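What follows is one structure encoded as structure tokens, with my remarks underneath.
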Amino acid sequence: GYFLMSLQMIGQSTFVALGKSKQAVFFSLFRKVVLVVPLALVLLLDRLTKLTWAESEFVILPHILGVHGTRNTGMAFGLLSGKPMLLAVISAIVLIALFMYLKKHPVTRWEGIGLGLLIGGAIGNLIDRLAYGYVIDMLEPLFMRLFIFNVADAGITIGAAGKTTFFATLSERSRSTR
């Protein structure tokens with residue numbers, strides 16, 4: 001938040017001295033940074049937690065969050081279990097579609113953050129599927145022991161929710177301006 005706002009304010013005050021073409025380059029670069037930073041953070045945290053906690057079991061926050069390393073050959077809630085290569089192909093197709101979308105459509109700051117989280121998570125789980133034939137899950141909500149997930153899953157979920165919220169807001173705005 002604050003870092004991005006600072007970058008934006010610096011950029012806005014600099015625009016007085018920049019020409020239109022340099023402004024376009026700055027905005028293009030800013031939009032890429034807004035996408036790449038969350039993508040890299042999710043991917044880095046995902047890899048670190050998977051490499052260090054893959055076979056661990058301990059409590060992070062009593063009654064809230066624990067670590068219980070598992071291997072998931074499916075996706076959420078065990079769907080398509082035992083079909084890691086099918087899931088890898090689906091993931092690759094989704095990633096290609098997202099990159100094609102990004103190439104054709106400029107994204108806002110929040111849309112870029114959401115897509116960065118989503119893409120970082122998808123890449124993190126794709127790495128596992130290709131390297132191991134399963135995804136390493138380890139984060140378990142202790143207040144409802146229904147599922148175990150990983151940082152990549154959290155990035156995908158938060159990114160998709162953010163993207164959905166962005167489109168819902170955009171759709172609402174377009175209806176109110178008609």
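The values are calculated or read from the model by the stated rules, or taken from the named source; none is laboratory data. Here the structure is a predicted model, which means the values were calculated and not measured. Note that each Cβ is placed from the backbone with ideal geometry, even for glycine, and that neighbours are counted across all protein chains shown. Heavy atoms of the whole protein, side chains included, go into the accessibility calculation; ligands, DNA and RNA do not. Shrake-Rupley method; radii C 1.70, N 1.55, O 1.52, S 1.80 Å.
Would you point out the residue of region 131-152, among those that are closer than 30 Å to ARG31 by Cα and open to solvent by 20 Å² or more (accessible area, probe 1.4 Å), that is farthest from the chain's Cα centre (by Cα)?
PHE149
State whether the residues of region 5-17 include one that is modelled with pLDDT of 95 or more, of a type outside the set (Ser, Thr, Tyr), surrounded by 14 or more Cβ atoms within 10 Å (Cβ to Cβ) and on the phi < 0 side of the Ramachandran plot. Steps first, answer last, please.
Just the residues of region 5-17 that are modelled with pLDDT of 95 or more, to begin with: none.
Checking region 5-17: not a single residue is modelled with pLDDT of 95 or more, of a type outside the set (Ser, Thr, Tyr), surrounded by 14 or more Cβ atoms within 10 Å (Cβ to Cβ) and on the phi < 0 side of the Ramachandran plot.
Under 7 Å between Cβ atoms, which residue pairs at least 6 apart in sequence (or on different chains) link something in region 127-146 that is of a type in the set (Val, Ile, Thr) with a partner that is open to solvent by 70 Å² or more (accessible area, probe 1.4 Å)?
Close Cβ pairs (under 7 Å, with a partner that is open to solvent by 70 Å² or more (accessible area, probe 1.4 Å)) amount to ILE136/ARG71.
Go through region 92-110 and give me each residue that's open to solvent by less than 80 Å² (accessible area, probe 1.4 Å) and within 13 Å of ILE123 (Cβ to Cβ). Give the derivation first.
Quick first cut of region 92-110, residues open to solvent by less than 80 Å² (accessible area, probe 1.4 Å) only: 92, 94-95, 97-98, 101-102, 107-109.
If the condition is that a residue be open to solvent by less than 80 Å² (accessible area, probe 1.4 Å) and within 13 Å of ILE123 (Cβ to Cβ), then ALA92, VAL94, LEU95, LEU98 are the ones that fit.
ILE127: open to solvent by 70 Å² or more (accessible area, probe 1.4 Å), modelled with pLDDT of 95 or more and farther than 19 Å from ARG31 by Cβ, yes or no? Step through it out loud before you land on a result.
Working: open to solvent by 70 Å² or more (accessible area, probe 1.4 Å): no; modelled with pLDDT of 95 or more: yes; farther than 19 Å from ARG31 by Cβ: yes.
Against the criterion (open to solvent by 70 Å² or more (accessible area, probe 1.4 Å), modelled with pLDDT of 95 or more and farther than 19 Å from ARG31 by Cβ), ILE127 does not qualify.
Of the residues that make up region 23-46, is at least one open to solvent by less than 60 Å² (accessible area, probe 1.4 Å), in contact with a strand residue (DSSP E or B) (Cβ under 6 Å, 6 or more places away or on another chain) and modelled with pLDDT of 95 or more?
No: region 23-46 contains no residue that is open to solvent by less than 60 Å² (accessible area, probe 1.4 Å), in contact with a strand residue (DSSP E or B) (Cβ under 6 Å, 6 or more places away or on another chain) and modelled with pLDDT of 95 or more.
Can you tell me which residues in region 58-76 are in contact with a Gly (Cβ under 8 Å, 6 or more places away or on another chain) and surrounded by 12 or more Cβ atoms within 10 Å (Cβ to Cβ)? Step through it out loud before you land on a result.
Of the residues in region 58-76, the ones in contact with a Gly (Cβ under 8 Å, 6 or more places away or on another chain) are 58-60, 72-74.
Passing the criteria: VAL59, ILE60, ASN72, THR73, GLY74.
Among what's in region 77-91 and is open to solvent by less than 60 Å² (accessible area, probe 1.4 Å) and assigned to a helix (DSSP H, G or I), pick the residue that is farthest from LEU126 (Cα to Cα). If you could, list the steps in order and put the result at the bottom.
Step one: of region 77-91, the residues open to solvent by less than 60 Å² (accessible area, probe 1.4 Å) are 78, 82, 84, 87-88, 91.
This time we only want the ones that are assigned to a helix (DSSP H, G or I), so: 78, 84, 87-88, 91.
Values: GLY78: 16, PRO84: 9, LEU87: 8, ALA88: 6, SER91: 7 Å.
Of everything passing the filter in region 77-91, GLY78 is farthest from LEU126 (Cα to Cα).
Just to be sure, is GLY155 at positive phi, of a type outside the set (A, V, I, L, M) and either modelled with pLDDT of 95 or more or assigned to a loop (DSSP other than H, G, I, E, B) (or both)?
Numbers: at positive phi: no; of a type outside the set (A, V, I, L, M): yes; either modelled with pLDDT of 95 or more or assigned to a loop (DSSP other than H, G, I, E, B) (or both): yes.
No; evaluated as a whole, the condition is false for this residue.
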